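Q: Here you go, one structure.
All of the numbers you see were taken from the coordinates with simple rules; none came from a lab. Remember, predicted model here, so these are calculated numbers, not experimental data. As a convention, Cβ positions derive from the backbone with ideal geometry for all residues, glycine included, and neighbour counts pool all protein chains shown.
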Amino acid sequence: MTAIRPQGITLNRTEHYLEIRWSDGCLCRYPLSHLREACPCVECRGGHARMGMEFAPDNLLTLTPARSYAMVQLNPVGNYALQPVWDDGHSTGLYTWEYLRHLCPPADAPAPG
């Protein structure tokens, strides 16, 4: 089986979302504040014991962001992840393709906000 990979990545700073078109044709739009709230780093997860996909939120849109966040930079990491730099200075979260695909909001979900 071939791994699903991004075919296009768009950071929309005006409307505050990250959009990824995946190799299987799926289009995912991630609200930035919700994406920040789902940060997979050890600090945000509360320690190494809470790392891994089993602790990933099942629905990104059910998270309640602490505040509104902006992404000031988006860096690719090898061929497997993105590393955002957030306006609060946080930059240690590596969002793997697997994690991002898991977080894809349902297509019929209402926009948060």
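Q: Being more than 14 Å from the chain's Cα centre (by Cα), outside any strand (DSSP E or B) and within 16 Å of THR96 (Cα to Cα) is the filter here, so list the residues in the stretch 6-42 that pass it.
A: SER23, VAL42 - these are the residues of the stretch 6-42 that are more than 14 Å from the chain's Cα centre (by Cα), outside any strand (DSSP E or B) and within 16 Å of THR96 (Cα to Cα).
Q: Look at the stretch 1-26 and say how many of its residues are exposed (fewer than 14 other Cβ atoms within 10 Å of the Cβ) and free of Cβ contacts under 8 Å to residues at least 40 places away in the same chain.
A: 11
Q: For LEU32, state whether it is out of contact with any Leu (no Cβ under 6 Å at 6 or more places or on another chain), surrounded by 11 or more Cβ atoms within 10 Å (Cβ to Cβ) and free of Cβ contacts under 8 Å to residues at least 40 places away in the same chain.
A: Against the criterion (out of contact with any Leu (no Cβ under 6 Å at 6 or more places or on another chain), surrounded by 11 or more Cβ atoms within 10 Å (Cβ to Cβ) and free of Cβ contacts under 8 Å to residues at least 40 places away in the same chain), LEU32 qualifies.
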